Amino acid sequence: QVQLVESGGGLVQTGGSLRLSCAASGRTFAGLVMGWFRQAPGKEREFVASITGRSMLTYYADSVKGRFTISRDNAKNTVYLQMNSLRPEDTAVYYCNADRGGTVTAASPLDYWGQGTQVTVSS
């Protein structure tokens, strides 16, 4: 069992920045692919970014590439999402994800999820 707790969401103006954090329990964090997904009202949950374990390879959705940066600190069992140049279309609940399904850009029924943190970008 892996428990994930997100923090750092909030309300920002268009063009602003936020940094999300996800703290993970357990002693296997360094070996897990970690990711961020988001779900806007009326929309399906979508992939945002992911990062592999010790190699720290990163992957991004086209919609956030160049604006968002995912990183992790394995010593702290924490993954981050730095979000810059935020737009109203980035408004969503952001969920931390720990992969168990063998993919770095999609969720699976075996994945672990955090409770979500709300990000609202106003115009």
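The values are calculated or read from the model by the stated rules, or taken from the named source; none is laboratory data. Since we're looking at a predicted model, the values are computed, not measured. For neighbour counting, all protein chains shown are included, and Cβ atoms are generated from backbone atoms with ideal geometry for every residue, glycine included. In case anyone asks, the SASA skips ligands and DNA or RNA and just uses the protein heavy atoms, side chains included. Shrake-Rupley method; radii C 1.70, N 1.55, O 1.52, S 1.80 Å.
Worth pointing out:
- Dipole in debye (nearest 20) - the chain, about Cα centre, beta carbon charges: Lys, Arg +1; Asp, Glu -1: 260
- What the chain shows is 51 Å² of accessible area per residue, with the surface traced by a 1.4 Å probe over protein heavy atoms.
- Percentage, to the nearest whole number, of Cα pairs in the chain over 22 Å apart: 26
- Sulfur and carbon atoms: percent of accessible area, the chain [1.4 Å]: 49
- Rounded to 0.05, the FRET efficiency of the Thr14 and Ala106 pair, given R0 = 25 Å and the Cβ-Cβ distance, is 0.30.
- Cβ-Cβ FRET estimate between Ser63 and Ser7, R0 fixed at 25 Å, reported to 0.05: 0.65
- Near Ser63, once Lys and Arg are set to +1 and Asp and Glu to -1 for all other residues with Cβ below 15 Å from its Cβ, the sum equals +1.
- The GluC sites (Glu not before Pro) of region 1-102 that meet both conditions, a loop assignment by DSSP and at most 14 other Cβ atoms within 10 Å of the site Cβ, are Glu44.
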